[in-house]
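S.K.: First the structure, which I've put down as structure tokens, then a few questions once you've had a look.
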Amino acid sequence: MSLATDQNSNDRLLSTTAQQFLAVRDKVMTRWEHEIRSRIDGADALRSPVITNTIPAFFDNIAEALSPNYPRKNATSGNNAASAHGGERARMTSFGADQVVHEYQILRESIVVEAAGQVELTVADWAIIDRSINTAIREAIREFTMIQSELQRKLAAALSHDMRTPLGIIANGAELIQALPDLDAAKRAAQKIATSAERLEQMMADLLDALTTNTGEKLALTVSEFDVAELIQEVREAYAQPHGIDIRANVESIKGFWSRNLMRRALENLINNGQAYGDGRGIELMAVEARGRLMLSVHNTGNPIPKEHQMRIFDYLAREQTMSSKVGWGLGLAFVKNVAESHGGSIAVDSSTETGTTFLIDIPVDCRPYVQSSTP
């Protein structure tokens, strides 16, 4: 089964070369992960689902691009999977930009080794693979640096605000000492200055740590074990009556640890969005497991989301002016993005006239090591 970002679950229109390419995915991914852990500093300490990230979907997007009859020029056409990968690297790892570039280079090396003798790749095919990887690098680094800059800006702003209090105490204390008539009062003022100076020193240390550690604001999750297939069935039944929305599902039984409430709300938001912006032909849900990751997607047909809008639609209150009369591109997608990231994963969108629009929530099957827990 294809794991491509456009929910091409039945491998339609894929060429023989693409089918051969898909057949070596697991070998490529295994080699790639081994090489990543061996050659990239800090990678060996990461759990496998974090390492894997959105790469299986990107790999299968390459397979689609290798099919002459399939409407995808390269693996990044019509989707933001590479940007989602870069964003997750910024939030979930201590990688630098050079390490993100390196892991894509290692992916190409792994494809070369594992495809040899197994996949009949022409010069034109290798050009597609190279173009896909090169474009993915640019998009991933763009998002990686943007998120790091935003995190640094927020952290600097918050800490500079907090520093005003001890700085005020130090300044006032210094003025007070000059005017105090006795030594005991001066000592007390001096102690306040010393305490505030220590606090400032700690804040500066926190700032330096924060600027080199990539963390973002996450939702506190109440995590429990459940089967995502059961959750999807519940949602389908809820929408059948009274909404009457046609929701088709192609899901595996996948038990994992997530926030059931937040995952349901995220799924409902994506269904509502698909219903609002789709052409009325219904919604398709798909859930598969790949290398410790849950890949949950929601697909609809209709007008595509332009490539230049695909990251902006996840911002709070972002709604395209041409669709201002509809509800859906405001808080909903920003919430879904926060849910995915709070589970230690990411969300990607794939949209084109030929294949429709697919939102892909890509998160660890067991999110417990990566989340901020909340008391039930």
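Read-outs: derived from the displayed coordinates by stated rules, not from any lab. Please read all numbers here as calculations on a predicted model, not as lab measurements. Methodologically, a virtual Cβ is constructed for each residue, glycine included, from the backbone with ideal geometry; neighbour enumeration extends over all protein chains shown.
S.K.: Could you give the length gained by full extension between Glu252 and Glu109, i.e. 0.36 nm per residue of separation minus their alpha carbon distance, to one decimal place?
M.R.: 48.3 nm is the gain from fully extending Glu252 to Glu109.
S.K.: Where a ≥ b ≥ c are the square roots of the eigenvalues of the C-alpha gyration tensor, would you call the stretch 57-96 rounded, which needs a/c under 1.5, or, failing that, prolate if a/b is larger than b/c, or oblate?
M.R.: Prolate.
S.K.: Suppose every Lys and Arg Cβ carries +1 and every Asp and Glu Cβ carries -1, with no other charges. What dipole size does the stretch 1-92 come out with about its Cα centre, to the nearest 20 debye?
M.R.: 80 debye
S.K.: Using a basic spin-label model with each label point 7 Å from the Cα along Cα→Cβ, how many nm lie between Asp26 and Lys218?
M.R.: 2.9 nm
S.K.: If you don't mind, another one. Check which residues have an amide H placed less than 5 Å from Ala249's amide H, if you skip close sequence neighbours.
M.R.: Leu285
S.K.: Starting from the Kirkwood radius over alpha-carbon pairs of the stretch 1-159, derive D by Stokes-Einstein at 25 °C in a medium of 0.890 mPa s and give it in µm² s⁻¹.
M.R.: 153 µm²/s
S.K.: Using a Förster radius of 56 Å, what is the FRET efficiency between Glu175 and Asp98 based on their Cβ-Cβ separation? Nearest 0.05, please.
M.R.: Efficiency at R0 = 56 Å is approximately 0.70.
S.K.: Tell me the label-point distance for the pair His34, Trp126, using the 7 Å Cα-to-Cβ offset, in nm and rounded to one decimal.
M.R.: 2.3 nm
S.K.: Here is a further query. Using the eigenvalues of the Cα gyration tensor, what equivalent ellipsoid semi-axes result for the stretch 1-62 when each is taken as the square root of five times the eigenvalue, whole Å, largest first?
M.R.: Ellipsoid semi-axes (Å, largest first): 26, 12, 7.
S.K.: Something else now. So what are the ³J(HN,Hα) numbers for the stretch 48-62, from phi and the Karplus equation (6.51, -1.76, 1.60; θ = phi - 60°), rounded to whole Hz, Gly and Pro as x?
M.R.: 4, x, 5, 4, 4, 6, 8, 5, x, 5, 4, 4, 6, 5, 4
S.K.: Quick one: dipole size for the stretch 220-373, taken about the Cα centre, charges +1 on Lys/Arg Cβ and -1 on Asp/Glu Cβ, in debye to the nearest 20.
M.R.: My answer is approximately 280 debye.
S.K.: Also: Which FRET efficiency value, to the nearest 0.05, is calculated for His309 and Ala194 with the Förster distance at 51 angstrom and r the Cβ-Cβ distance?
M.R.: 0.40
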